[in-house]
1. With the structure loaded, tell me whether A153 is at pLDDT 95 or above, surrounded by fewer than 16 Cβ atoms within 10 Å (Cβ to Cβ) and among the hydrophobic types (A, V, I, L, M, F, W, C) or whether it fails that test.
2. Return the residues of segment 1-45 that are of a type in the set (S, T, N, Q) and at pLDDT 95 or above; say none if nothing qualifies.
3. Which condition from (1) out of contact with any strand residue (DSSP E or B) (no Cβ under 8 Å at 6 or more places or on another chain); (2) buried (at least 16 other Cβ atoms within 10 Å of the Cβ) is the one that D135 breaks?
4. Going by the structure shown, is G96 within 15 Å of the chain's Cα centre (by Cα), in a loop (DSSP other than H, G, I, E, B) and buried (at least 18 other Cβ atoms within 10 Å of the Cβ)?
5. Kindly evaluate G38 against the criterion of being surrounded by 14 or more Cβ atoms within 10 Å (Cβ to Cβ) and at positive phi.
6. If you scan segment 16-57, which residues turn out to be part of a loop (DSSP other than H, G, I, E, B) and out of contact with any helix residue (DSSP H, G or I) (no Cβ under 8 Å at 6 or more places or on another chain)?
Amino acid sequence: MSEGILLEKLPRGTLLPEAERLARLETALPQIRAVLEGETDPVAAQATLACLLWETLVQCNWCGFYRVVAPGLLAVGPYQGSLGCLRIPFHKGVCGAAARTRQTQLVPDVHAFPGHIACDDASRSELVIPVIAGDELQAVLDLDSTHLGGFSAGEAALLQSLLGGWSGELDW
């Protein structure tokens, strides 16, 4: 599938109504699963997923992974967007909170989040989903948007399902 996701091309930064974003993501998910089927290398899978989600979630200004590289520490992994923070301790920011609690963080206004790290000052909302294989936290998927309320609980649920479906297949 070298052509990428088969979806209508939209300008980067477009915030569609929630129902349209959910429909777009639901259309993309079978295509994403087909591309990732059989992939066991985590870097290849993360890079591919970051690319395909970037094409799907056009409201994103950052889409990618932070990997667990040491106890209590994340390091930037494959992503799309502007420069990310290189390292994030578990006690800082939205990504750190997701890693520390192992719970999805849906933040409609990052400026209202205690301890938010501004890797990109343009980001206004964030969705971070922990990636767990077995009982071990491996990474977090981080999505940022320049829009307040750029992500919904529905998008979070669909992405959690996607991540849960392939994270156990990878040789972390």
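1. So A153 fits the description; yes.
2. Residues satisfying the conditions are T14, T27, Q31.
3. (2)
4. no
5. Here the answer is no, as G38 does not meet what is asked.
6. P17, E37, G38, D41
The values are calculated or read from the model by the stated rules, or taken from the named source; none is laboratory data. Every value quoted in this text rests on a predicted model; they were computed, and no experiment measured them. Using ideal geometry, Cβ is built from the backbone for each residue, glycine included, and neighbour counts are taken over all protein chains shown.
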